[in-house]
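Report on one structure; see the data block that follows.
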């Protein structure tokens with residue numbers, strides 16, 4: 001029996017005959033079949049074609065089906081993908097339980113009847129498509145109108161509330177107003193006196209949201225509508241210049257959170273569709289206000305966490321002046337993977353800079369592991385090439401999906417001698433005698449493949465300087481990287497006696513960035 005809408009099914013089995021049999025059943029049922037003979041091939045195909053269902057043998061020659069399933073479910077992009085495990089050997093209760101515990105949506109023991117197999121695939125498809133439809137509907141509701149999009153795009157409380165009341169007035173073609181608790185704990189009132197006019201911010205009694213809540217929602221979460229006569233509304237808000245009755249909605253995302261009130265003048269009654277729009281806009285405002293409040297809190301937490309991973313202070317090194325900067329990406333709550341290191345090692349100074357791919361707590365923890373590993377290996381006396389090699393091995397072993405760029409330098413301030421090993425990072429700028437140039441590019445970034453990292457040696461001239469930075473400083477979507485690197489080189493020629501001032505000028509030149517930025521600048525004073 002064919003489904004109304006056939007799907008793409010990935011059949012993974014190392015036995016050609018078994019793949020043929022399962023594939024023929026599926027093709028007769030109307031499905032498109034893609035075949036894989038091993039676990040690694042299956043994981044690659046899952047990412048490339050995003051099938052609707054995976055039929056997965058438990059025993060594979062390279063990666064067993066349990067692990068393949070776990071990896072599929074661990075990836076947010078494929079976590080909802082139904083996986084049907086099949087085995088002719090692992091058929092006991094323990095094996096079936098293990099398969100289901102490790103993410104399988106169904107587990108079938110051979111021999112299998114064709115009708116049962118196809119019915120199970122269809123059930124998995126129905127579940128997957130129902131989940132997809134629900135997510136799509138939720139997404140459409142969040143973005144039902146252009147106003148909702150604009151609300152979600154706002155960055156400040158005042159902008160959010162202005163967009164909300166202006167949009168409500170334009171869509172419903174009547175005067176509108178909103179009440180909400182601002183991020184500073186003060187109730188704010190915003191009104192749009194007529195469609196097309198900018199919103200006005202006005203004062204409001206501190207307890208007005210509590211009084212409105214008592215009329216309909218109380219302390220509960222949710223969205224409730226209410227209708228008030230002009231006289232009753234003026235009792236609640238005497239300074240209001242309302243004309244006519246008020247129809248409004250009160251929305252609260254969670255019990256204990258401050259509610260948001262959105263209302264319009266009832267010069268004519270709202271029909272059911274208009275009331276639905278008002279409710280959805282009220283919910284959108286409440287969600288957006290909560291998101292702004294959560295953003296402010298999470299941004300502070302993320303920044304505090306990121307800074308805790310960086311060196312607590314810059315060491316004082318005779319013969320060198322040092323300046324460092326870490327600047328988080330603008331409007332980015334997530335923790336980044338940029339880092340720097342400045343650590344004295346005897347008479348020399350170890351300087352490092354790097355960037356772990358991605359922005360997430362995982363990227364930050366990997367970054368912390370690299371920094372701690374770097375320090376430990378440096379204390380053991382490993383040369384820079386060996387340190388990068390060991391870090392590469394560690395990353396490939398424990399975080400095989402991650403990569404990072406790292407540049408390490410060991411500087412002797414007495415004679416200016418420098419040892420450097422670079423794993424895919426933007427090379428440092430060497431400044432001296434009125435000139436500035438980049439050192440040559442190094443070896444492959446760490447985490448990608450086995451690599452032997454060479455160590456370069458050069459001398460930093462008297463009064464010479466070095467500049468290291470992460471790519472977040474210069475990356476722009478519309479500007480080639482080499483052009484931005486040339487801008488840094490030209491700016492570096494004006495490196496004056498104060499590295500701190502130079503770092504400030506450098507960051508100010510490029511402005512707010514979409515990615516994290518780390519900078520290390522140093523200058524020989526002898």
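Every number here is computed from the coordinates shown, using simple stated rules; none is lab data. Because the structure is predicted, anything quoted here is derived from the model rather than measured. Note that we place each Cβ from the backbone using ideal geometry, even for glycine, and neighbour counts take in every protein chain shown.
Using Cα pairs under 8 angstrom and six or more residues apart, how large is the relative contact order of the stretch 311-524, in percent? Write out the running numbers ahead of the final one.
Numbers: 459 pairs, mean separation 57.6, N = 214.
Relative contact order comes out at 27 percent.
Going by how many other beta carbons lie within 10 Å of each one, how would you line up 417, 492, 176, 5, fewest first?
Numbers: 417 14, 492 21, 176 28, 5 9.
Neighbour counts put them in this order, fewest first: 5, 417, 492, 176.
For a Förster distance of 56 Å, can you work out the FRET efficiency between the beta-carbons of residue 462 and residue 401, rounded to the nearest 0.05?
On the way: r = 46 Å, r/R0 = 0.81.
With a Förster radius of 56 Å, E is 0.75.
Can you give me the Cα centroid spacing of the stretch 210-259 and the stretch 6-55 in angstrom?
Spelled out, the Cα-based centre of one part sits 56 Å from the other.
For the pair residue 173 and residue 221, what calculated FRET efficiency results from E = 1/(1 + (r/R0)^6), where r is the Cβ-Cβ distance and R0 = 25 Å, to the nearest 0.05?
Numbers: r = 30 Å, r/R0 = 1.21.
Efficiency at R0 = 25 Å is approximately 0.25.
Jot down the radius of gyration and Dmax of the stretch 311-524, Cα atoms only, both in angstrom.
Rg then Dmax for the stretch 311-524, in Å: 16.1, 45.
What order do you get for 297, 225 when you list them from fewest to most C-beta neighbours inside 10 Å? Mind dumping the intermediate values first?
Details: 297 12, 225 16.
So the residues, fewest neighbours to most, are 297, 225.
Could you tell me the calculated FRET efficiency between residue 194 and residue 254, based on Cβ-Cβ distance and R0 = 35 angstrom, to the nearest 0.05? All intermediate terms of the calculation are to be shown ahead of the outcome.
On the way: r = 34 Å, r/R0 = 0.98.
Between residue 194 and residue 254 the formula returns 0.55.
Would you mind checking the stretch 97-121 for residues with the amide N under 20 Å from a putative spin-label position 7 Å along Cα→C-beta of residue 67?
In the stretch 97-121, the label zone of residue 67 (backbone N under 20 Å from the point 7 Å along Cα→Cβ) covers 97-105.
Quick one, which of [x] 1.26; [y] 0.99; [z] 1.09 is the actual Rg/Rh (Cα atoms, Kirkwood Rh) calculated for this model?
Label of the calculated value: [z].
Quick one: if you stick a label point 7 Å off each Cα along the C-beta vector at residue 131 and residue 88, how many nm between them?
With each label point 7 Å from Cα toward Cβ, the separation is 3.0 nm.
At 7 Å along the Cα-to-beta-carbon direction for both residue 452 and residue 201, put a label point, then send me their distance in nm to one decimal.
Going by the 7 Å Cα→Cβ label model, 6.4 nm.
Within 10 Å, count the other beta carbons around each residue, average over each peptide in 91-100, 41-50, 384-393, and list them highest first. Spell out each step's value before the answer.
Numbers: 91-100: 14.2, 41-50: 16.2, 384-393: 22.2.
Averaged packing, sorted descending, gives the order 384-393, 41-50, 91-100.
Take every DSSP beta bridge whose two residues both sit in the chain, then give the antiparallel share in percent to the nearest 5. Mind dumping the intermediate values first?
Values: 75 of 93 bridges.
Counting only bridges with both partners in the chain, antiparallel ones make up about 80 percent.
Between residue 50 and residue 526, what is the label-to-label distance in nm when each label sits 7 Å out along the Cα-to-Cβ direction?
Rounded to a tenth, the inter-label distance reads 6.1 nm.
Given an 8 Å cut-off on Cα distances and at least 6 residues of separation, report the relative contact order of the stretch 136-274 as a percent. Intermediate values should be presented prior to the final figure.
On the way: 239 pairs, mean separation 27.4, N = 139.
After rounding, I find 20 percent.
Normalised by the number of residues in the chain, what is the relative contact order in percent for Cα pairs under 8 Å and 6+ residues apart? Provide the component values of the computation, followed by the final result.
Details: 991 pairs, mean separation 45.1, N = 526.
In percent, rounded to a whole number, it is 9.
For 19, 133, what's the fewest-to-most ordering of other Cβ within 10 Å of each Cβ? Kindly include the intermediate steps, with their values, before the conclusion.
Working: 19 19, 133 10.
Fewest-to-most Cβ neighbours within 10 Å comes out as 133, 19.
In whole angstrom, how far apart do the alpha carbon centroids of the stretch 379-413 and the stretch 162-203 sit?
55
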